[in-house]
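J.: First the structure, then my questions, so here it is.
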Amino acid sequence: MKQRKIGAILSYTNIVAKNLVNFLYTPFLLRTVGQANYGLFQMTNSVMISLTLLSMGFSSAYVKFYVSYKVKKDEKNIKKLNALYMLVFSGISIISLLIGFIIILNANGLFGRTLSKNQLELAKNLMIIMVFDVALAFISSVFDSNITVNEHFVFQQSRQLMQTFLVPIICIPMILGGIGVLSIEITQIMVTILFFLINVNYCIRKLNMRFDFSELPIQLLKDVALFSFFIFLNQIVDLINNNVPNFILGVFQGAKMVATFAIAVQIKNMFFMLSTSLSSIFIPKINKLVNQGKSKKALTNFMIKVGRMQMSVLFFVLGGFIVVGKYFVLLWAGRDNMEAYFLIIIMVLPAVIPLSQNVGIEIQRAMNMHVFRSIVYIFFALVNIIVTVFGSIKWGVFGASLGYVISILGANGVLMNWYYYKRMKLDMIRYWKETLKVSVPFVVITTIMLLGQLVVPISSIMLFLLFGVLYVVGYITVYLFFSANSYEKGLLHSFFKIW
């Protein structure tokens, strides 16, 4: 319990730190390497990150099988599971290197239409470093999964906090020294190597992680592969939603428009981190509840408890961004990227639905009922691609966001909630009755603040800070008096007590 509580606090601290660093780091990158080169980096990163699909959901499956063995105190099979995962991810690492270099050799065909000769050469150099970084990250994920399943969240989040600050500390001097946009990836692979070694040392020495490569059970591999396959389909969807629009914009509109879209995606991803960082801490607990045969009512209660916390945080941050975000984007990314403000709101508002229900996804996986979600998501991923291609050609960055919005509303807003209710027998009517109560301060305070800006528009740092403070005070007041339940008030009290 203590690990989860302190881990959750460190997780949100890490998110705040990471985004504060990014808010300072991104303008620096835009001004020093240029809008076009920054867009080029984001575009090539979107292509190389697609290699992460090769993990095929094995990391998520590790938690399920590990917990099932741990509940039975089956140390022998835990060692074999560790060995199996090491072999699988080592193989995936080698395959990612091969595929990555095939992509690099065909870079002219992929980007030749919109990039100059010098930009193509730079893109190839970026992708060479990226592919080695991805390959090493696969092997590191074996140890990272072991830390997660053993619920050592304090170490995990502390390590990530170190990584947050280390990247710019190394990268900025390199850029100032004239290395340019390549500095970003050189720094990333240096940090990946460092924390890979830290992970291995912690798992072997502290967690006593052991491997048994003798007589590995083929049936275990089949079970893991079958379970992982449908998570793999979900990862394809996540890749399409988060990275394909960058690629499509790069193909049809060029690198500069990608930079604007990438800025919007960067802030959108902050909302994803706010949600997934909390739900990831509960993954081992969810698997234990399911393996112990807890009732659907108990699972619904847990989903409501975490869902309310996630939705409260998401609405708080989203409302604040709507109120002061336009002036923030102007200061942070410049007038050339003002469209990012509206893009962020368009993409984040519907995403509150799936982000507040991330625990539901983990319940599905723990119950081995995630097949339907995978099929639905694949269908809407295809819809997303088609809409994004036509939208990008006709309406640029706003068109690129349409497919994402349609897929979120259709897949998550309608079909997944139907599945939770009808097939998984979770009480979604009660879920929405309980969770929607936390939207009251978002609707009330955001509306009041926007009406206030009709009279006094934000045109200076002082007004920016004033509206921000008024929003925070107003939101917290309305939340405590009209939305928060006794558990959430106690959680806030313990949070401030720890600090």
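J.: Which is out of contact with any strand residue (DSSP E or B) (no Cβ under 8 Å at 6 or more places or on another chain) and open to solvent by less than 20 Å² (accessible area, probe 1.4 Å), of Leu426, Leu409?
T.: That would be Leu426, the only listed residue that is out of contact with any strand residue (DSSP E or B) (no Cβ under 8 Å at 6 or more places or on another chain) and open to solvent by less than 20 Å² (accessible area, probe 1.4 Å).
J.: Follow-up. Evaluate segment 92-106: report whether one residue or more is modelled with pLDDT under 75 and of a type in the set (Gly, Ala, Ser).
T.: The answer is no, given that none of the residues of segment 92-106 is modelled with pLDDT under 75 and of a type in the set (Gly, Ala, Ser).
J.: Also, quick follow-up: Can Phe138 be described as loosely packed, with under 15 Cβ neighbours inside 10 Å, of a type in the set (A, V, I, L, M, F, W, C) and at pLDDT 80 or above?
T.: Answer is no for this residue.
J.: With respect to the numbered conditions (1) over 23 Å from Asn234 (Cβ atoms); (2) open to solvent by 20 Å² or more (accessible area, probe 1.4 Å); (3) of a type in the set (Phe, Trp, Tyr); (4) over 25 Å from the mean Cα position of the chain (by Cα), which one is the sole condition not fulfilled by Phe442?
T.: Of everything listed in (1) over 23 Å from Asn234 (Cβ atoms); (2) open to solvent by 20 Å² or more (accessible area, probe 1.4 Å); (3) of a type in the set (Phe, Trp, Tyr); (4) over 25 Å from the mean Cα position of the chain (by Cα), Phe442 misses just condition (4).
J.: Of the residues Phe398, Phe342, Phe328, only one is over 26 Å from Gly474 (Cβ atoms) and hydrophobic (A, V, I, L, M, F, W, C); which?
T.: Phe398
J.: Go through segment 94-110 and give me each residue that's touching a Leu at 6+ places or on another chain (Cβ under 7 Å) and either open to solvent by less than 30 Å² (accessible area, probe 1.4 Å) or within 17 Å of Val134 (Cβ to Cβ) (or both).
T.: Those that are touching a Leu at 6+ places or on another chain (Cβ under 7 Å) and either open to solvent by less than 30 Å² (accessible area, probe 1.4 Å) or within 17 Å of Val134 (Cβ to Cβ) (or both): Ile95, Ser96, Ile99, Gly100, Ala107.
J.: Counting just the residues of segment 186-221 that are of a type in the set (Ser, Thr, Tyr) and surrounded by 14 or more Cβ atoms within 10 Å (Cβ to Cβ), which one comes out nearest to the chain's Cα centre (by Cα)?
T.: Only one residue fits best here, namely Thr192.
J.: Please find, among Phe132, Phe196, Phe143, the residue that is assigned to a helix (DSSP H, G or I) and under 30 Å from Ile248 (Cβ atoms).
T.: That would be Phe132, the only listed residue that is assigned to a helix (DSSP H, G or I) and under 30 Å from Ile248 (Cβ atoms).
J.: So Ser407 passes all but one of these: (1) among the small types (Gly, Ala, Ser); (2) in contact (Cβ under 8 Å) with a residue 60 or more places away in the chain; (3) under 17 Å from Ile344 (Cβ atoms). Which condition number does it fail?
T.: Result: Ser407 passes all but (3).
J.: Report yes if Tyr62 is hydroxyl-bearing (Ser, Thr, Tyr), at pLDDT 70 or above, in a helix (DSSP H, G or I) and surrounded by 20 or more Cβ atoms within 10 Å (Cβ to Cβ), otherwise no.
T.: Against the criterion (hydroxyl-bearing (Ser, Thr, Tyr), at pLDDT 70 or above, in a helix (DSSP H, G or I) and surrounded by 20 or more Cβ atoms within 10 Å (Cβ to Cβ)), Tyr62 qualifies.
J.: Scan segment 156-174 and tell me whether some residue there is buried (at least 21 other Cβ atoms within 10 Å of the Cβ), of a type in the set (Gly, Ala, Ser), touching a residue at least 40 places away in the same chain (Cβ under 8 Å) and not in a loop (DSSP other than H, G, I, E, B).
T.: no
J.: Could you check how many residues of segment 383-402 are under 21 Å from the mean Cα position of the chain (by Cα) and open to solvent by 50 Å² or more (accessible area, probe 1.4 Å)?
T.: Total meeting the criteria: 2.
The values are calculated or read from the model by the stated rules, or taken from the named source; none is laboratory data. In this text the structure is predicted, and so the values were computed from the model without any measurement. Methodologically, a virtual Cβ is constructed for each residue, glycine included, from the backbone with ideal geometry; neighbour enumeration extends over all protein chains shown. Surface areas here come from the heavy atoms of the whole protein model, side chains and all, with no ligands, DNA or RNA. Shrake-Rupley method; radii C 1.70, N 1.55, O 1.52, S 1.80 Å.
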